[in-house]
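Trainee: Before we start, here is the structure in question, set down as structure tokens.
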Amino acid sequence: QVRLVESGGGLVQAGGSLRLSCAAHGIIFNSDVMGWFRQGPGNQRELVATVTSGDSTYYADAVKGRFTISTNSARNTVYLQMNSLKPEDTAVYYCNLRRPTNSYDYWGQGTQVTVSS
């Protein structure tokens, strides 16, 4: 069982930056993939970025070059540094841990990010 707790959302002007954090409570396996999703108003939840235990990363085209995903050395906290924010980045951001061994997804409660124009 893993519990994910996000923090760091808020209101920022376009062009600004925010850093989201997600603390993972429980046992983290090397095969687990950690990531961030987001769901904007009227939209489906979409993948933003992922990171593996080998530090391989993936970014959605919409955020490539502006967002950076990383973890601490213990891999129990995942960060999302968001720069050059745009109004279209406004969404609830969800931390995710995908466990391939049992095909299970763990989710955080979500944190609101609002970018004003």
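The values are calculated or read from the model by the stated rules, or taken from the named source; none is laboratory data. Quick caveat: nothing in here was measured; it's all calculated off a predicted structure. Because the Cβ atoms are built from the backbone with ideal geometry, glycine has one as well, and the counts that use them run over all protein chains shown. These accessible areas exclude ligands, DNA and RNA; they are computed on the full protein's heavy atoms, side chains included. Shrake-Rupley method; radii C 1.70, N 1.55, O 1.52, S 1.80 Å.
Trainee: Looking only at residues in the range 26-46 that are assigned to a loop (DSSP other than H, G, I, E, B), open to solvent by 30 Å² or more (accessible area, probe 1.4 Å) and of a type outside the set (A, V, I, L, M), which one is nearest to ASN96 (Cα to Cα)?
Mentor: ARG45
Trainee: So, one more: Any residue in the range 93-117 that's farther than 27 Å from VAL12 by Cα: show its pairings with residues that are part of a loop (DSSP other than H, G, I, E, B) and open to solvent by less than 90 Å² (accessible area, probe 1.4 Å) at Cβ separation under 8 Å, as long as the two are six or more apart or on different chains.
Mentor: Correct list of pairs: ARG98/ASP32; ARG99/PHE29; ARG99/SER31; ARG99/ASP32; PRO100/SER31; PRO100/ASP32; THR101/PHE29; THR101/SER31.
Trainee: Being closer than 11 Å to GLY35 by Cβ and touching a Lys or Arg at 6+ places or on another chain (Cβ under 9 Å) is the filter; apply it to the range 90-105 and report the residue that is surrounded by the most Cβ atoms within 10 Å (Cβ to Cβ). Give the steps one after another, and end with the answer.
Mentor: Initial filter on the range 90-105 (closer than 11 Å to GLY35 by Cβ): 93-98, 105.
Subsequent filtering for residues that are touching a Lys or Arg at 6+ places or on another chain (Cβ under 9 Å) retains 93-94, 105.
Values: TYR93: 24, TYR94: 21, ASP105: 11.
Across the range 90-105, the extreme among qualifying residues is TYR93.
Trainee: Can you tell me which residue is surrounded by the most Cβ atoms within 10 Å (Cβ to Cβ) among those in the range 52-71 that are closer than 24 Å to GLN1 by Cβ and not aliphatic (A, V, I, L, M)?
Mentor: Here the residue is THR71.
Trainee: Turning to a different aspect of this structure: Out of curiosity, is VAL63 closer than 12 Å to TYR93 by Cβ, of a type in the set (A, V, I, L, M, F, W, C) and assigned to a loop (DSSP other than H, G, I, E, B)?
Mentor: Values: closer than 12 Å to TYR93 by Cβ: yes; of a type in the set (A, V, I, L, M, F, W, C): yes; assigned to a loop (DSSP other than H, G, I, E, B): yes.
Taking the combined requirement at face value, the residue satisfies it.
Trainee: Scan the range 47-59 for residues that are outside any strand (DSSP E or B) and either among the β-branched types (Val, Ile, Thr) or out of contact with any Asp or Glu (no Cβ under 9 Å at 6 or more places or on another chain) (or both) and jot them down.
Mentor: THR52, GLY54, ASP55, SER56
Trainee: Go through (1) free of Cβ contacts under 8 Å to residues at least 60 places away in the same chain; (2) in contact with an Asp or Glu (Cβ under 8 Å, 6 or more places away or on another chain) one by one and return the number of the condition ARG38 breaks.
Mentor: (1)
Trainee: Next question. Picking from ALA49, ALA74, ALA23, which residue would you name as being loosely packed, with under 15 Cβ neighbours inside 10 Å and under 17 Å from LEU4 (Cα atoms)?
Mentor: ALA74
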